[in-house]
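A.B. asks: Below are the structure tokens for one structure; questions will follow.
The values are calculated or read from the model by the stated rules, or taken from the named source; none is laboratory data. Fair warning: this is a prediction, and the values are worked out from it, not measured in the lab. Note that each Cβ is placed from the backbone with ideal geometry, even for glycine, and that neighbours are counted across all protein chains shown.
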Amino acid sequence: MVLEKLKNIIAEQLDVEKEDIKLESSFQNDLGADSLDVVELIMAIEEDFEIEIPDEDAEKISIVKDAVDYINNNK
Amino acid sequence: MFDTRITKLLNIKYPIIQGGMAWVATAELASAVSEAGGLGVIGCGAAPADIIKKEIQKAKEMTDKPFGVNVMLMSPFVDDIMEMLYEEKVSVVTTGAGNPGKYIEKLKNIGTKVIPVVPSVALAKRMEKVGADALIVEGTEAGGHIGELTTFTIVPQVVDEVDIPVIAAGGIADGRGYVAAVSLGAEGVQIGTRFVCSEECIAHIEYKNKIVNARDRDAIVTGRITGHPVRIIKNKFSKKLINLEKDISNKGEIDRLTIGSYKKAAIDGEIDQGSVMAGQSSGLIKDIKNCKNIIDDIIKESNKVQSYLCNI
């Protein structure tokens with residue numbers, strides 16, 4: 001469920017196809033995001049999942065799986 | 001027009017912040033700008049903490065007025081520098097090249113004001129949320145490492161989205177630029193290139209002359225291909241670089257050419273083979289004068305522009 005919802009957010013934020021988003025996909029290396037795109041993505045995740053991701057944690061989220069784990073552990 | 005939330009926050013006379021450029025924003029420049037009523041800023045660049053500590057101590061001897069330190073967050077010494085700043089307790093820390101979120105609370109606890117440089121609305125909002133005191137919003141007109149958006153478009157968009165005061169940067173070098181920034185909703189300006197061309201700045205005289213002699217189209221952008229765009233003044237170095245950038249397989253050679261190239265120009269004065277980082281405002285800068293005259297002239301011209309605006 002989390003992954004499905006997350007994929008929708010990522011697809012919209014980064015203008016990528018949903019089927020190209022894998023658990024191992026790196027936002028910056030595989031999905032073409034720059035560091036500012038990642039900030040926007042993190043903020044969209046915060047809003048849609050109603051969680052807070054402090055900068056220390058946000059720094060460690062670099063692949064899709066990192067985000068899924070973070071959301072599961074913090075919602 | 002000069003009495004804004006920024007002057008109150010920083011306890012300065014004019015809301016004119018000097019850009020914290022690596023290598024050339026030393027104690028000499030920072031103290032001169034602060035003495036003239038603005039906010040001088042020491043630039044860390046990629047220098048180690050002990051070097052910056054010495055600059056801070058030197059500046060404290062040269063002025064009793066508030067001054068700041070700019071921390072480049074991609075510096076390999078960033079954690080050491082922050083530790084040192086927790087001890088030195090400077091008035092203001094500005095940050096560039098990243099997200100300073102994790103340092104903000106500690107800096108604020110010791111009374112240091114934190115003002116991140118941001119190139120986008122999202123980062124601006126995030127910085128406000130984690131407690132930034134103000135924001136420097138920098139447009140692509142600036143020199144050195146730059147973002148995509150122009151000052152004219154990004155400043156009002158950030159002003160609309162945050163409640164903390166905004167300082168406009170990128171392309172501002174005179175009173176017209178100051179008034180324009182205020183019109184966009186900014187409550188202060190950050191100025192880099194104009195202050196490089198000051199008597200007090202330790203940059204090599206050939207570097208300053210290169211900026212003074214630059215024409216409107218001379219401040220170009222390199223490095224888009226490597227993802228780190230940098231604005232520099234056109235010269236033999238930039239031509240070589242642009243040729244190499246046509247083919248991404250030259251990345252190794254590009255790295256070799258660019259490493260140390262800024263110091264070569266700014267400090268050693270090798271303006272043909274070094275990287276002459278400077279903003280688009282270079283074309284507006286016609287002379288080298290002292291910091292007091294730079295600031296006084298900006299104030300005078302701003303007042304003139306304001307009265308003109310009141311009469312049209």
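A.B. asks: Looking only at segment B:249-269, which residues are part of a loop (DSSP other than H, G, I, E, B) and either under 18 Å from the mean Cα position of the chain (by Cα) or touching a residue at least 12 places away in the same chain (Cβ under 8 Å) (or both)? Can you show your working first?
C.D. replies: Applying the first criterion (part of a loop (DSSP other than H, G, I, E, B)) to segment B:249-269 yields B:259-260, B:267-269.
The answer is B:Ile267, B:Asp268, B:Gly269.
A.B. asks: Output yes when any residue across segment B:133-142 is in contact (Cβ under 8 Å) with a residue 24 or more places away in the chain and either within 12 Å of chain A (Cβ to nearest Cβ) or part of a helix (DSSP H, G or I) (or both), and no when none is.
C.D. replies: Applying the first criterion (in contact (Cβ under 8 Å) with a residue 24 or more places away in the chain) to segment B:133-142 yields B:133-142.
So of that shortlist, the ones also either within 12 Å of chain A (Cβ to nearest Cβ) or part of a helix (DSSP H, G or I) (or both) come out as none.
Checked against the condition, which is being in contact (Cβ under 8 Å) with a residue 24 or more places away in the chain and either within 12 Å of chain A (Cβ to nearest Cβ) or part of a helix (DSSP H, G or I) (or both), segment B:133-142 yields no hits at all.
A.B. asks: State yes or no: is B:Arg194 away from chain A (no Cβ under 14 Å), surrounded by fewer than 23 Cβ atoms within 10 Å (Cβ to Cβ) and in contact (Cβ under 8 Å) with a residue 24 or more places away in the chain? Lay out the reasoning, then the answer.
C.D. replies: Working: away from chain A (no Cβ under 14 Å): yes; surrounded by fewer than 23 Cβ atoms within 10 Å (Cβ to Cβ): no; in contact (Cβ under 8 Å) with a residue 24 or more places away in the chain: yes.
Here the answer is no, as B:Arg194 does not meet what is asked.
A.B. asks: In addition: Of all residues in segment A:26-42 being polar (S, T, N, Q) and over 10 Å from the mean Cα position of the chain (by Cα), which is surrounded by the fewest Cβ atoms within 10 Å (Cβ to Cβ)? Explain how you work it out, then say what you get.
C.D. replies: If we filter segment A:26-42 for residues that are polar (S, T, N, Q), which is where we start, we get A:26, A:28-29, A:35.
Among the residues that remain, those that are also over 10 Å from the mean Cα position of the chain (by Cα) are: A:28-29, A:35.
Working: A:Gln28: 14, A:Asn29: 10, A:Ser35: 15.
Of everything passing the filter in segment A:26-42, A:Asn29 is surrounded by the fewest Cβ atoms within 10 Å (Cβ to Cβ).
This table checks each residue for (1) assigned by TED's automatic domain parsing to the domain that holds B:Ile294; (2) surrounded by fewer than 21 Cβ atoms within 10 Å (Cβ to Cβ); (3) farther than 30 Å from B:Ser261 by Cα.
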| position | (1), (2), (3) |
| --- | --- |
| B:Lys108 | yes, yes, yes |
| B:Pro119 | yes, no, no |
| B:Asp133 | yes, no, yes |
| B:Ala142 | yes, no, no |
| B:Leu149 | yes, yes, no |
| B:Ile164 | yes, yes, yes |
| B:Ser183 | yes, yes, yes |
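A.B. asks: Please go through segment B:96-123 and pick out each residue that is farther than 26 Å from B:Gly143 by Cβ, more than 9 Å from chain A (Cβ to nearest Cβ), in contact with a helix residue (DSSP H, G or I) (Cβ under 7 Å, 6 or more places away or on another chain) and of a type in the set (D, E, K, R).
C.D. replies: The answer is B:Lys106, and nothing else.
A.B. asks: If you don't mind, another one. In the list B:Ile232, B:Ile211, which residue meets the criterion of being part of a strand (DSSP E or B), farther than 21 Å from B:Thr94 by Cα and away from chain A (no Cβ under 14 Å)? First the steps, then the outcome.
C.D. replies: Values: B:Ile211 fails: part of a strand (DSSP E or B).
Being part of a strand (DSSP E or B), farther than 21 Å from B:Thr94 by Cα and away from chain A (no Cβ under 14 Å) holds for just one of B:Ile232, B:Ile211, which is B:Ile232.
A.B. asks: Still on this structure: Identify all residues within segment B:272-288 that are surrounded by fewer than 24 Cβ atoms within 10 Å (Cβ to Cβ) and among the β-branched types (Val, Ile, Thr); write none if there are none.
C.D. replies: B:Ile285, B:Ile288
A.B. asks: A further question follows. Restrict the check to segment B:289-297 and report whether at least one residue is surrounded by 21 or more Cβ atoms within 10 Å (Cβ to Cβ), part of a helix (DSSP H, G or I), assigned by TED's automatic domain parsing to the domain that holds B:Thr26 and aliphatic (A, V, I, L, M).
C.D. replies: Here is the first cut: in segment B:289-297, the residues surrounded by 21 or more Cβ atoms within 10 Å (Cβ to Cβ) are B:291, B:294-295.
From what is left, the residues that are part of a helix (DSSP H, G or I) are B:291, B:294-295.
After this cut, where a residue has to be assigned by TED's automatic domain parsing to the domain that holds B:Thr26 as well, the list is B:291, B:294-295.
Those left that are additionally aliphatic (A, V, I, L, M): B:294-295.
Yes: segment B:289-297 contains one or more residues that are surrounded by 21 or more Cβ atoms within 10 Å (Cβ to Cβ), part of a helix (DSSP H, G or I), assigned by TED's automatic domain parsing to the domain that holds B:Thr26 and aliphatic (A, V, I, L, M).
A.B. asks: Next question, about the same structure. If you go through segment B:59-66 one residue at a time, do you hit one that is farther than 23 Å from B:Glu200 by Cα, at pLDDT 95 or above and of a type in the set (A, V, I, L, M)? Break it down stepwise before answering.
C.D. replies: Just the residues of segment B:59-66 that are farther than 23 Å from B:Glu200 by Cα, to begin with: none.
Within segment B:59-66, not a single residue is farther than 23 Å from B:Glu200 by Cα, at pLDDT 95 or above and of a type in the set (A, V, I, L, M).
A.B. asks: Evaluate the following for B:Gln273: is it more than 29 Å from B:Gly40 (Cβ to Cβ) and polar (S, T, N, Q)? So that I can check it myself, show each step before the final result.
C.D. replies: Values: more than 29 Å from B:Gly40 (Cβ to Cβ): yes; polar (S, T, N, Q): yes.
It is true that B:Gln273 is more than 29 Å from B:Gly40 (Cβ to Cβ) and polar (S, T, N, Q).
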